[in-house]
Amino acid sequence: MRLAIAGAGASAVCLLDALARSADRVDVTVFDPAPAPWRGRPYRCDLPAVRVNAPPPEMSVRDGDHGHFERWLDANGGAAEPDPWSGDRFVPRERYGAYLEAAAAEAIAAIEGAGGTVALRRCAATGVLRTSEQVVVRTDDGRLQPFDAFVLCVGVGRPADLYGLDGATGYVPDPYPALTALEPVEGDTAVIGSGLTAVDTVLALAATRSEGRIALVSRSGVLPGVRQRYTPSRLRHFKVDRIRELARRGPLRLEDLTALMAAEIAAGGFDAAGVARELSSLGREEPRARLARHLAMVDDPDLGLRILQQAVPETGPDVWPRLDARDRELVLQEHYRTLMSLCCPMPPASAATLLSLMDSGRLDVVGGLADVRPRRGGFTVKAGGRKLQVATVVNAASAPRHRVPPAAAPLVDSLVRSGAARPHPHGGLRIDPATSRAVGRGGPDDRLYVLGDLAAGTLFFTFGIPSLVDRARDIAASLSLQRRPLATPANR
């Protein structure tokens, strides 16, 4: 099979590893003009203070092998210091990028050892044309190249410029990599956003500057939760086969999922009411108090919250397409921030640093963000009924949820115009949940696949490494089933 992949980030590495584990011969061409292939946007060379937010067992790119990343760390002198509160290891993002490079090299060697090839072309795929048997990829250097199948692994876009600040003096449009992006930051600073990217930004600023106050401003004012000590569980109720069994009777409702999660937590001997209180209290607690409370719960003997955090990304992709359409809208409108805060938590050491910055008066977390406007010598930020005067604004807001990254827009537009793909109303492209095949006017196409954030309209939770590994395995299996003979010179 001749396979094309658009994008050379973490999702492409997961896919290459899955392909390397299959018994099929495959010739792969990866298209990506980025200067640091395999690292993606978040894992380039950066400050040590900017770390991944999950322990090694949740960061392995190899399906079924949670120790793959940890073994690489130990073998390459990269054993990060354990978190003082949980004992888990949260490595610098740069170090994880080195692991992605090594995993890609290992997968490429395995593919080539099986008789296949892997080529990295430093250009962007800008269009796809379908023939009766092939897909023809057009690149930004004007070339056309035929393949048997094509996978979009284009990643996520940069933060949206919601306040029209691009080009303003003192405005930083993207905090990654912090090593270079935050180098010119001076004076008091406002960081737009309150998710994990915003936390990374605050940690980087605190590590490189001894002066200047930081205001972390967002509409919600809600910080991520704090990750408790890693304790994996075996899911008994909130699992894929049970979800599929329930869905045979009709669309799932939120009350079905609530009952299933309560049964899962109770099966472990824990209190589902505690998780329910955590879900319902979001936004009603002062940020510092919530952060301190969560840090104190790192070794909580009640594992209910940890079960929720494991089950949502593990089973969520199978749940989401089967959920009643009205309930999907309700989750997106009312509960998305809650799920992201609790299921994408920060390391305990990061929480402790934020608390220290708050207590010293250097950091303020402010909700109710209404406006940001340039002024002479800086910016005026309206948030929480206050007007903040700052010298610098760093945009650390989340990328537009499940939207098409600007750099990938020509490619996605080409697919949509030709009917090969259809936009999803919640963003990105429609896909077949079982195989990740793109769904066009004629239904799922076994020549076109989507991996990563572009599929999140269908799958909801796609950006964590375990989710990428899971979907990469399904794509590799589908490609193996749909394997075609090599294209001949005549039909090229």
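Counting DSSP beta bridges with both partners in the chain, what percentage is antiparallel, nearest 5? Could the numbers behind the result be given before it?
Working: 27 of 60 bridges.
Approximately 45 percent, going by the DSSP bridge assignments.
Place the peptides 104-116, 233-245 in order of packing, highest mean first, counting for every residue the other Cβ atoms within 10 Å and averaging per peptide. Walk me through the intermediate numbers first.
Values: 104-116: 17.1, 233-245: 14.8.
The most tightly packed comes first, giving 104-116, 233-245.
How much accessible area per residue does the chain have, counting only protein heavy atoms and a probe of 1.4 Å, in square angstrom?
On the way: 20610 Å² over 492 residues.
Ligands and nucleic acids excluded, the figure is 42 Å² per residue.
Keeping the other protein chains in place, figure out the carbon and sulfur percent of the accessible area of the stretch 392-452, with a 1.4 Å probe.
On the way: 1190 of 2280 Å².
Solvent-exposed carbon and sulfur of the stretch 392-452 make up 52 percent of the total.
Take each of the peptides 443-451, 276-284, 203-211, average the number of other beta-carbon atoms within 10 Å over its residues, and list them starting from the highest.
Details: 443-451: 22.0, 276-284: 13.4, 203-211: 16.8.
Highest mean packing first, the order is 443-451, 203-211, 276-284.
Principal axis extents for the stretch 226-368, Cα atoms only, whole Å, descending order, please.
56, 34, 22
For a test of the definition: using alpha carbon positions, the gyration tensor, and the 1.5 limit on a/c, classify the chain as rounded, prolate or oblate. Don't skip to the end; give the middle numbers.
Working: a/c = 1.60, a/b = 1.32, b/c = 1.22.
Since a/c reaches 1.5 and a/b is larger than b/c, the shape of the chain is classed as prolate.
By how many degrees, between 0 and 90 and to the nearest 10, does the Cα long axis of helix 304-319 differ from the longest principal axis of the chain?
Value to nearest ten degrees: 30.
When ranked by the protection proxy of mean other Cβ atoms within 10 Å per residue, highest first, what sequence do the peptides 47-53, 249-255 form? Can you show the working numbers first?
On the way: 47-53: 21.0, 249-255: 13.0.
In descending order of packing, they fall as 47-53, 249-255.
Note the angle between two axes, namely the Cα long axis of helix 254-267 and the longest principal axis of the Cα atoms of the chain, as a number of degrees from 0 to 90, rounded to the nearest 10.
Roughly 80 degrees between the two axes.
Ignoring ligands, DNA and RNA, please state the percent of accessible area on the stretch 293-359 from carbon and sulfur, probe 1.4 Å.
Values: 1290 of 2460 Å².
Looking at the stretch 293-359 in its full context, I get 52 percent from C and S.
Calculate how steeply helix 409-418 sits against the longest principal axis of the alpha-carbon atoms of the chain, using the helix alpha-carbon long axis, and give the answer as 0 to 90 degrees to the nearest 10.
50
When a/c is below 1.5 the answer is rounded, else prolate if a/b is larger than b/c, else oblate, so apply that to the stretch 1-71 with a ≥ b ≥ c taken from the square roots of the Cα gyration tensor eigenvalues.
Numbers: a/c = 3.61, a/b = 1.29, b/c = 2.81.
Oblate, because a/c is 1.5 or more while a/b does not exceed b/c.
For the stretch 52-196, rounded, prolate or oblate, judged on the Cα gyration tensor with a ≥ b ≥ c (square roots of eigenvalues), a/c < 1.5 rounded, else prolate if a/b > b/c? Don't skip to the end; give the middle numbers.
Details: a/c = 2.59, a/b = 1.16, b/c = 2.23.
Taking the square roots of the gyration eigenvalues as a ≥ b ≥ c, the stretch 52-196 is oblate.
Could you compute how much accessible surface Ile465 exposes when probed at 1.4 Å, giving the result in Å² to the nearest 10?
Counting only protein heavy atoms, the figure is 10 Å².
Considering only protein heavy atoms and a probe of 1.4 Å, how much of the accessible area of the stretch 111-224 is carbon and sulfur, as a whole percent? Intermediate results must be reported in sequence, preceding the final value.
Values: 2300 of 4740 Å².
The C+S portion of the solvent-accessible surface of the stretch 111-224 is 49 percent.
The values are calculated or read from the model by the stated rules, or taken from the named source; none is laboratory data. Remember, predicted model here, so these are calculated numbers, not experimental data. When we count neighbours, we look across all protein chains shown, and the Cβ atoms used for this are built from the backbone with ideal geometry, even at glycine. The protein model used for the area step is the full one, side chains on, heavy atoms only, and it has no ligands, DNA or RNA in it. Shrake-Rupley method; radii C 1.70, N 1.55, O 1.52, S 1.80 Å.
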